[in-house]
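See below for the structure under consideration.
The values are calculated or read from the model by the stated rules, or taken from the named source; none is laboratory data. Since this is a predicted model, take the numbers as computed values, not measurements. Neighbour counts run over all protein chains shown; Cβ positions are idealised from the backbone, glycine included.
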Amino acid sequence: MKNVNGNILDKAICEEIKKLGEDGSEFVKQLELGKKQLEGNRDEYERALGRLEGELAENDKVTSAFVTTLVKAAGTPSEDYILEQIDEQHKKSEAIKTRIAELKSLTATHALSDIEFDIIRQMLSNVRNTIDYMDVEQKRSAMRSFIKKIVWDGTNIHVYLFGSDDGSGVELPFIATQDSDDELEPICENSK
């Protein structure tokens, strides 16, 4: 297995990251698609939340009616039946409240994710516009904010970005290896 030259690898990865931030790039399209899907989910959650809040209000009315009936039916054979109905309504209310809390948590998470999408896009744009002016350490630091891991399989470089939990990565084609006779060019003057 050949080893890839670090300087060439760094340069190739920087170029690929710059491409990710370009308007119209596949990555930006996927980012926008994810954002739209998230907004659609948020709308769906908000509709479900409104429906559940309506069900809870209706359930509270039914419970109040049973309590009023219980006062009138105190000491009669139907008192036990009414108490059972009140218990059932209470359990139903608790289940609805739990689901409401879950939906509120999900919508809050989606609000944060919406902000995160905008931050990622802005960071990519900033890196794309400024990476050529950064020194080696600044470039590596900038890359660490996007890249989870890099795997060299002997032929290709696989770059795994944060948030790509499905195991897919950006694959870079063959890059000159240290065994190759190509001239090696450092990323910048401070590179080794």
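A few comments on the model shown:
- Of the residues Ala108, Ala12, Ala65, the single one that is part of a helix (DSSP H, G or I), out of contact with any helix residue (DSSP H, G or I) (no Cβ under 8 Å at 6 or more places or on another chain) and under 30 Å from Ile150 (Cα atoms) is Ala12.
Okay, residues lined up against (1) among the hydrophobic types (A, V, I, L, M, F, W, C); (2) at pLDDT below 75; (3) closer than 24 Å to Leu124 by Cα:
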{"position": "Met1", "(1), (2), (3)": "yes, yes, no"}
{"position": "Glu15", "(1), (2), (3)": "no, no, yes"}
{"position": "Lys29", "(1), (2), (3)": "no, no, yes"}
{"position": "Arg47", "(1), (2), (3)": "no, no, no"}
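- Subset of the stretch 58-80 [surrounded by 13 or more Cβ atoms within 10 Å (Cβ to Cβ) and either within 16 Å of Ile96 (Cβ to Cβ) or among the aromatic types (Phe, Trp, Tyr) (or both)]: Asn59, Asp60, Val62, Thr63, Phe66
- Check on Gln122, surrounded by fewer than 16 Cβ atoms within 10 Å (Cβ to Cβ), assigned to a helix (DSSP H, G or I) and at pLDDT 80 or above: yes
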